[in-house]
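Trainee: Okay, handing you the structure first.
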Amino acid sequence: MEGNQKHPLQKLMDNPWLLLALGLLIPILSYTIWGWYQIVTMAKALLP
Amino acid sequence: MGNFLEGRYRTCNTTGLPVCLDAQFFIKAHAVAAVVFFLIGAIAALLIALTRWSAVHLLPAMWFYRVLTLHGLNMLIFWIISFEIAILYFAGTSLLNSRLFSRKVAWVAYVLMVVGALMVDYIVLIGKGDVLMTSYPPLKAHPLFYLGIIFFAVGTLIAVFNFFATVYIARRDKTYEGSMPLVAYGALAAAIIAVVTLLHGATVMIPSFLWSLGLVEHIDAGWYRLVWWGLGHPSQQINVAAMVAVWYFMATLTTGAKPLNETVCRAAFVFYILFINLASAHHLLVDPGLNASWKIWNTSYAMYLAVLASMIHGFTVPASIEVAQRLKGFTRGIFNWLTSAPWGDPGFASIFLSIVIFGFIGGITGVTLGTEQINIIAHNTLRIPGHFHATVVGGTTLAFMGLTYYVVPLIFQRDFYFKKWARVQPYIFASGVVLLSLGMSFAGSYGVPRRHWDVNFTGAPLSAGFDAAAHFFLGVLGIGGILAFTGALIFIVLTVLAVFFGKSIAGQPFHGWQPAEKFKLSMEIFSRKKDEKFEQIAHKVPGTVVLVFVLLISFMVYYFANWKALADVWWVR
Amino acid sequence: MSIKSPESNWFKPPEGSERLWVGVALVWCMVMFLAMPYWHVKGKQNSTGESYAVTPAEFQKRVNRFVETNKVGEKNGIPVVEPSPGGDAYLMGQMWRWYPILKLKEGQTYRLHISSVDLQHGFSVLPININFQVLPGYDHVLTLTPTSKGIFQVICNEFCGIGHHLMTGQIIVE
C-alpha cells in the first residue's frame, strides 16, 4: 500500500467547492470587472 | 456504498453502472427536449444555408434574419444546454453512485427551461424578436423574448444547483471512494463554467427586460456587449468541457480506454475551470472602450492555459485509445491500432471525428482568429461562424450524437431500427459540417460578412460586392449545409423512432454496435490494473505522437499565414 | 479512471510521450502569447480600442461640420470629403449608410473617428478586409494610414435591421 499521504495539489484538485469559487472569481475579476471599469471610466470626446 | 432510495434504482445490464431512476426520468426528459430544439434549429439551418448560397438565395430578407435568430438560439442555447443538463444528471448520479438530490427541484428546472425556450421561439416566429441571437441594443425585442431567456437561464441554474447538491450528498454519504471519476470531473468543470455563464446572463438580461418594458431608459451598447459575451461565449465553453467528458466516456465504452495519467487530464480540466471563460474577449477584440492589455490578457485565456488544456485532451484521448487497442493486440506499425478501431460503431466514429474536426478546424481557427491583432481581418466575417461550426457542430454536436447512440439503448432501454443508417450517419454529418465550415472560412477570408442577407448589396446607393471565388465558397457552404442537414435528419429520425417505437430491451445487455465478445474484451482491458505492461505502452504512443505533431504543424502554418495576411493590410492602431 | 474512481494517490508528473507533448504545447502557447505584445511594439496593425464617450447628437453635428468645411465633391448625391493629412476625419454609421465618402492620401496618417447615431454597426473595408466595431455612444478613434491606392468599399457587418445589406460607403485613396 502507498499509504494515505495524498499530494497537497491532489487535495486542492479534489475540492469541487474551491474550484467553483476560483472558477467564478477569476473570470469575473479579470474579464468582467476590469472591462466594466474601463467602460465606466472612459473619457468624454473632444471631437477636434 | 450508494445512497439510493429503496426501489428507486437499477443496475445497467450493459455497463454495470448504477442508474438512479429519478435521474433517468429527467435524463430522458431533457434529451427529448434537446432533440426537439435540435430539429427546429436544423430546419432553420437548411433555410439559412440555402439563402447564403448566393446562387440560390432562398428566403426574403426579413425571414432570413428571423430564421437566423431562431437557429442561433435553438442550436447554441436550447439544444446544447438541454443535452448538457442530461449529462450532468447522469454524471452526478451513475458515475458518483448517488441518487439525484431532488426530483422537485429537477421538475422546476425542467419546466422553466422548456417554457422559456418555447416563449422565445414563439416570439421570434411571430416576428417580435428580429434581433438575432445576440439582441444587441439599441435593437429591441418584445419583453417576452428577454423573459423567455431569463426563464431558460434560471431553469438551467436550478438544474446546475441540483447537480452540485447531488455532488454534495454523494461526498457526504461517501458513495464513491477517493476522487470522482474523470468523466464526472469533466461534468463538474462544465457545471462550474455554466454558473459563470448564467450569472452573466442574469446581469445582462434582467436590465434588458426592464428596458424593453420601458422601465429602464438606456442600455449602454458597449456594456451590454461585455456582459452579454460573458453569457454567449462561456455557454459554448460548457460545451467544450462537456464534449471532452463525453470523449473520455465514449472512448472507454467503445474501446476500453482509460486515461494514461490522471493528473494530466484533471489538470487540463482545472485549466478550463480557471481560465477558459476569459475568452469571452474574443468577441470584443476590435471594440471601442477596451484597451490592448485587457484584450491581450483575456483573449489569451491567461497565456493560453486553456488552449494548453485542449491540446492535452487532444493528446490524451487518442493516446488512451491507442494504449487500449495495443493491449488488445493491435500492435503492428504505427497506425494498426487506429485502422482496427470500431469504425462501424457510431459511438466511436462520432467521437473520433469530433476530436479531429474540433482540433484541426475548430481549435486552430479559434485560436488564430482570437489573436488580438489577427481579429482585425476576421471580425464579423464568415470566418467566425466557419470556426464555431467546427467546434460546436463538428465537435460538440457530433460527440453528443455519438453519446445518444448509447443513451437510447442504455437509459431509454430501447433498440434502434435501421442500424446500418446509424453506422453511416456520423460520416455524412461530419463531411457536411467540414464542407460548411471550410466554405464559410474561405468566403470569410475575402471579407464576406456573417449574418448578412445579400452580399451583392442589390439596391445599395454605392455598389459593393465580391468576386467569383467568394461566391464559389458560398456554394460550398450551401452544399455542406445540405449534407449536414441530411445527417442531422437521419440522426433525428432514428432517435425518435427508437425512443417512441423501439423494441424494449429492459433487463438485457445491449450489443447493437459491437459484438458482445468485443465489448467484453474492452471492459476487461479497462478494469485491468495499470501494470508494467500498461505503463510501457503508455510511455510510447507513436501513432498519437504523429497525429498531434501533424496538428501542431498545421496550427503553426495557419497561424503564421494569418500574421502575414495581417501585415499586408493598411496601418492602423 | 474515466468512469470509475482512480487509485487513491494519483498525483504524478507526466512521463514519456505525454511529457514531451505537454512541454511542446506549453512552449507554443507562450510563443502565441508573446506574439501579441511584440506586434504592439513592432507591428503596424493593432487594435488599441481608443475611444471617448459621445452622444449621437454631438457626433452627428461634428460630422456635418466636417462635411461643410472639407467637402471637395459629390458622388451619387453623397458628399466626398477630404480631411487634411495628419488631421481628424469623421465617419458616421447610420441606418443604412456610411456618411460621408472619404478621400484620403496614400501614406498619410489620419485620426479617423467612427461612431453610430442609431444601432450598432460593423465598419468593414473591402477588399483589403479591415474590420472594427462601431457603437452608439462611443467615438472610436482609428489612427489609420492607407498603404494602397484605389476605391475601397465600406460595408456594414453588424446586423442593423432589414436594410443592413444596403449599408455601404466608400473610401477613395489617391
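Trainee: Residue by residue through region C:7-23, note down the ones that are facing another protein chain (nearest Cβ under 7 Å) and either in contact (Cβ under 8 Å) with a residue 24 or more places away in the chain or in a helix (DSSP H, G or I) (or both).
Mentor: C:Gly16, C:Ser17, C:Glu18, C:Trp21, C:Val22
Trainee: Then there is this: Taking region B:407-452, which residues are farther than 30 Å from B:Leu497 by Cα and surrounded by fewer than 23 Cβ atoms within 10 Å (Cβ to Cβ)?
Mentor: Within region B:407-452, B:Leu438, B:Phe442, B:Ser445, B:Tyr446, B:Arg450 meet the criteria.
Trainee: Within region B:233-242, identify whether any single residue is over 24 Å from B:Phe83 (Cα atoms) and in contact with a Ser or Thr (Cβ under 9 Å, 6 or more places away or on another chain), and answer yes or no.
Mentor: no
Trainee: Those residues that are part of a loop (DSSP other than H, G, I, E, B) and of a type outside the set (Gly, Ala, Ser), I need them from region B:134-175; list them, please.
Mentor: Hits for region B:134-175 are B:Thr134, B:Tyr136, B:Pro137, B:Pro138, B:Leu139, B:Lys140, B:His142, B:Asp173, B:Lys174, B:Thr175.
Trainee: Sort out which residues of region C:120-174 are more than 27 Å from B:Trp223 (Cα to Cα) and not in a strand (DSSP E or B), and write them in order of number.
Mentor: Hits for region C:120-174 are C:Pro127, C:Ile128, C:Pro146, C:Thr147, C:Ser148, C:Lys149, C:Leu166, C:Glu174.
Trainee: Out of everything in region B:546-573 that is crowded, with 20+ Cβ neighbours inside 10 Å and over 30 Å from C:Gln45 (Cβ atoms), what residue ends up being farthest from the other protein chains (Cβ to nearest Cβ)?
Mentor: B:Leu547
Trainee: Can you tell me which residues in region C:57-78 are more than 10 Å from every other protein chain (Cβ to nearest Cβ) and within 23 Å of the chain's Cα centre (by Cα)?
Mentor: Within region C:57-78, C:Ala57, C:Gln60, C:Asn64, C:Val67 meet the criteria.
Trainee: Something else about it: Kindly establish whether B:Leu213 is surrounded by fewer than 24 Cβ atoms within 10 Å (Cβ to Cβ) and farther than 26 Å from A:Gly23 by Cα.
Mentor: Yes.
Trainee: Another one. Determine whether region C:81-104 contains at least one residue that is at pLDDT below 95, of a type outside the set (A, V, I, L, M, F, W, C) and on the phi > 0 side of the Ramachandran plot.
Mentor: yes
Trainee: Among the residues of region B:306-330, which ones are closer than 30 Å to C:Gln45 by Cβ and either touching a Pro at 6+ places or on another chain (Cβ under 9 Å) or within 7 Å of chain C (Cβ to nearest Cβ) (or both)?
Mentor: Correct list: B:Val307, B:Leu308, B:Met311.
Trainee: List the residue pairs whose Cβ atoms are under 8 Å apart, where the first residue sits in region B:112-129 and is β-branched (Val, Ile, Thr), the second is assigned to a loop (DSSP other than H, G, I, E, B), and the two are 6 or more positions apart or on different chains.
Mentor: Pairs that qualify, where the first residue is β-branched (Val, Ile, Thr) and the partner is assigned to a loop (DSSP other than H, G, I, E, B), are B:Val120/B:Gly129; B:Ile123/B:Gly129; B:Ile123/B:Ala141; B:Ile123/B:His142; B:Val124/B:Asp130.
Trainee: Within region B:455-481, take every residue that is away from chain C (no Cβ under 14 Å) and without any contact (Cβ under 8 Å) to a residue 40 or more places away in the chain and give me the one that is surrounded by the most Cβ atoms within 10 Å (Cβ to Cβ).
Mentor: Here the residue is B:Phe473.
Trainee: Being at the interface with another protein chain (Cβ under 7 Å from one of its Cβ atoms) and in a helix (DSSP H, G or I) is the filter here, so list the residues in region A:1-27 that pass it.
Mentor: Within region A:1-27, A:Leu9, A:Gln10, A:Met13, A:Pro16, A:Leu19, A:Leu20, A:Leu22, A:Gly23, A:Leu24, A:Ile26, A:Pro27 qualify.
Trainee: For the condition touching a strand residue (DSSP E or B) at 6+ places or on another chain (Cβ under 7 Å) and either in contact (Cβ under 8 Å) with a residue 12 or more places away in the chain or hydrophobic (A, V, I, L, M, F, W, C) (or both), what is the one hit in B:Ala516, B:Ala488, B:Ala498, B:Ala484?
Mentor: Criteria check complete, one pass: B:Ala498.
Trainee: Pairs, please: C-beta under 8 Å, at least 6 apart or cross-chain, first residue within 14 Å of chain C (Cβ to nearest Cβ) and in region B:154-182, second among the basic types (Lys, Arg) and part of a loop (DSSP other than H, G, I, E, B)?
Mentor: The qualifying pairs are B:Pro181/C:Lys4.
Trainee: Among (1) farther than 22 Å from B:Asp220 by Cα; (2) buried (at least 19 other Cβ atoms within 10 Å of the Cβ), where does C:Arg111 come up short?
Mentor: Against the list (1) farther than 22 Å from B:Asp220 by Cα; (2) buried (at least 19 other Cβ atoms within 10 Å of the Cβ), C:Arg111 comes up short only on (2).
Trainee: Let me ask something additional. Which of (1) more than 7 Å from every other protein chain (Cβ to nearest Cβ); (2) of a type outside the set (S, T, N, Q); (3) within 23 Å of B:Ala281 (Cα to Cα); (4) in contact (Cβ under 8 Å) with a residue 12 or more places away in the chain is the odd one out, the single condition C:Gly93 does not satisfy?
Mentor: Status for C:Gly93: all satisfied but (3).
Trainee: How many of the residues making up region C:123-171 are more than 7 Å from chain B (Cβ to nearest Cβ), surrounded by 19 or more Cβ atoms within 10 Å (Cβ to Cβ) and closer than 17 Å to C:Lys103 by Cα?
Mentor: Result for region C:123-171: 5.
For (1) closer than 28 Å to B:Trp53 by Cβ; (2) part of a helix (DSSP H, G or I); (3) in contact (Cβ under 8 Å) with a residue 24 or more places away in the chain; (4) within 14 Å of chain C (Cβ to nearest Cβ), each residue gets a yes or a no:
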site	(1), (2), (3), (4)
B:Ile361	yes, yes, yes, no
B:Ile364	yes, yes, yes, yes
B:Glu372	no, no, yes, yes
B:Asn375	yes, yes, yes, yes
B:His389	yes, yes, yes, no
B:Val393	yes, yes, yes, no
B:Val407	no, yes, yes, no
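Trainee: Now for a different question. Give the residues of region B:525-572 that are in contact (Cβ under 8 Å) with a residue 12 or more places away in the chain, closer than 18 Å to B:Trp337 by Cα and either part of a loop (DSSP other than H, G, I, E, B) or within 30 Å of the chain's Cα centre (by Cα) (or both), sorted by residue number.
Mentor: Of everything in region B:525-572, those that are in contact (Cβ under 8 Å) with a residue 12 or more places away in the chain, closer than 18 Å to B:Trp337 by Cα and either part of a loop (DSSP other than H, G, I, E, B) or within 30 Å of the chain's Cα centre (by Cα) (or both) turn out to be B:Ile525, B:Phe526, B:Ala538, B:Val541, B:Pro542, B:Gly543, B:Thr544, B:Val546, B:Leu547, B:Val548.
Trainee: Based on this model, can you work out whether C:Ser84 counts as under 29 Å from B:Gln373 (Cβ atoms) and either within 12 Å of chain B (Cβ to nearest Cβ) or acidic (Asp, Glu) (or both)?
Mentor: no
Trainee: If I go through region B:49-66 residue by residue, how many of them are in a helix (DSSP H, G or I) and within 13 Å of another protein chain (Cβ to nearest Cβ)?
Mentor: 8
Trainee: Given (1) over 25 Å from B:Leu188 (Cβ atoms); (2) aromatic (Phe, Trp, Tyr); (3) in contact with a Phe, Trp or Tyr (Cβ under 6 Å, 6 or more places away or on another chain), identify the lone condition not met by B:Tyr136.
Mentor: Evaluating B:Tyr136 over (1) over 25 Å from B:Leu188 (Cβ atoms); (2) aromatic (Phe, Trp, Tyr); (3) in contact with a Phe, Trp or Tyr (Cβ under 6 Å, 6 or more places away or on another chain) leaves (3) as the failure.
Trainee: What's the number of the only condition in (1) more than 7 Å from every other protein chain (Cβ to nearest Cβ); (2) within 20 Å of B:Met180 (Cβ to Cβ) that B:Asn239 fails to meet?
Mentor: (2)
The values are calculated or read from the model by the stated rules, or taken from the named source; none is laboratory data. What you are looking at is a predicted structure, and each value in this text was computed from that prediction instead of being measured. Don't worry about glycine lacking a Cβ; one is built from the backbone with ideal geometry, like all the others, and counts go over all protein chains shown.
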